[in-house]
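Let me begin by presenting the structure, written as structure tokens, before commenting on it.
The values are calculated or read from the model by the stated rules, or taken from the named source; none is laboratory data. Computed from a predicted structure; not experimentally measured. Cβ atoms come from the backbone with ideal geometry, glycine included; neighbour counts cover every protein chain shown. To get the accessible areas, we keep the full protein, side chains included, count just its heavy atoms, and leave off ligands, DNA and RNA. Shrake-Rupley method; radii C 1.70, N 1.55, O 1.52, S 1.80 Å.
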Amino acid sequence: MIEIAPSILSADFARLGEEIAAAERGGATLIHVDVMDGHFVPNLTVGLPVVRSLARATHLPLDTHLMISEPGLYAEKFVEAGAQMVSVHIEADPHIHRTLAAIKKRGAKAGVVINPATSLFHLEEALQFADYVLVMSVNPGFGGQEFIPTSVEKVRRLRRMIEERGLQTRIEIDGGIDQDNIAKCASAGAEIFVAGTAVFGDGDPARSVRELLAAAVQMV
Ligand code: DX5
Ligand code: ZN
């Protein structure tokens, strides 16, 4: 099932509730929350209090992307704060099996994230423990970056890996997704599309989400 997960990073933080409601009117079924610590990535964003408030402001599931060092110390707290999906960078966590298990035990979906230069080989063992894999199609840290084209082939290889193992793992893609590249990513096997600039960049999130959904099912 194709889903658009608008990233609030590109929204107006003073009007988050309205921005999310507009995205939902356009057909968004998840809300992507980028958590950055100024250490794992060179930027700072939001944390637990904002997730708590968002959980009260929307009934859409919160898809929380942790770009933080030592995610194992915080992952469960994000579930308690109201996130239904929590993803953790494999580059940041030597104990990712334990972290994924803890997220699931609290009742949320657990995701593994891989950076553009992280090989799929690193998923060899972790894949079977994840509900979804988030493929980064930019280097994490900032919205508005250009899509890295080799990500399409990476998604295709990952889809094959999942099928060969008979797993149900979903593929999410994040970074530089727009109306021009979404169909290619969908046909390669991605199902969940994070979009910040493409949703909130032009002031009409409802229309932008509708257009992304329509573009995703175009033949390529
Ligand atoms: C980047 C974040 C993304 C970002 C996407 O570090 O993980 O979720 O907000 O923004 P766009 O769609 O503008 O690339
Ligand atoms: Zn993200």
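Assorted remarks:
- Residue-by-residue Karplus 3J(HN,Hα) for region 164-170, coefficients 6.51, -1.76, 1.60, Hz, glycine and proline x: 4, 8, x, 8, 9, 3, 8
- Long-range lysine pairs (8 or more apart or interchain), the chain, Cα under 23 Å: 5
- Inter-label distance, nm, simple model (7 Å from Cα along the C-beta direction), ARG56/LYS77: 1.9
- Relative contact order, percent, the chain [alpha-carbon distance under 8 Å, six or more residues apart]: 22
- Annotation for ARG165 and MET1: the two label points, set 7 Å from Cα along the Cα-Cβ direction, are 2.4 nm apart.
- Interchain or long-range residues, amide H under 5 Å from GLU3's placed H: ILE192, PHE193
- Amide H to amide H, with H built 1.01 Å from N, GLN145 comes under 5 Å of GLY176, counting only residues 5 or more places away or on other chains.
- Summed residue charge, Cβ within 10 Å of ILE31's Cβ, Lys/Arg positive, Asp/Glu negative: -3
- Estimated vicinal HN-Hα couplings, Hz - region 88-94 in sequence order (Karplus 6.51, -1.76, 1.60; Gly, Pro = x): 10, 5, 5, 5, 9, 9, x
- Estimated FRET transfer efficiency when R0 is 30 angstrom, pair VAL220-HIS122 (beta carbons, to 0.05): 0.60
- Residue-normalised accessible area of region 128-220, given per residue in Å² at a 1.4 Å probe: 46
- Of the whole protein surface, ARG160 contributes about 120 Å² of accessible area at a 1.4 Å probe radius.
- For region 147-160, 3J(HN,Hα) per residue [Karplus equation, 6.51 cos²θ - 1.76 cosθ + 1.60, θ = phi - 60°, Hz, x = Gly/Pro]: 4, 8, x, 5, 5, 5, 5, 5, 4, 4, 5, 5, 4, 4
- Under-5 Å amide H pairs with PHE40, H placed in peptide plane, nonlocal only: SER69
- Most mobile listed residue (SER208, SER87, SER187) in the chain, GNM with C-alpha springs under 10 Å: SER187
- An oblate overall shape is assigned to region 65-173, the ratio a/c of its alpha-carbon gyration tensor axes (a ≥ b ≥ c) being 1.5 or greater and a/b not exceeding b/c.
- Charge tally in the Cβ shell below 11 Å around ALA215, where Lys, Arg are +1 and Asp, Glu are -1, ALA215 excluded: -1
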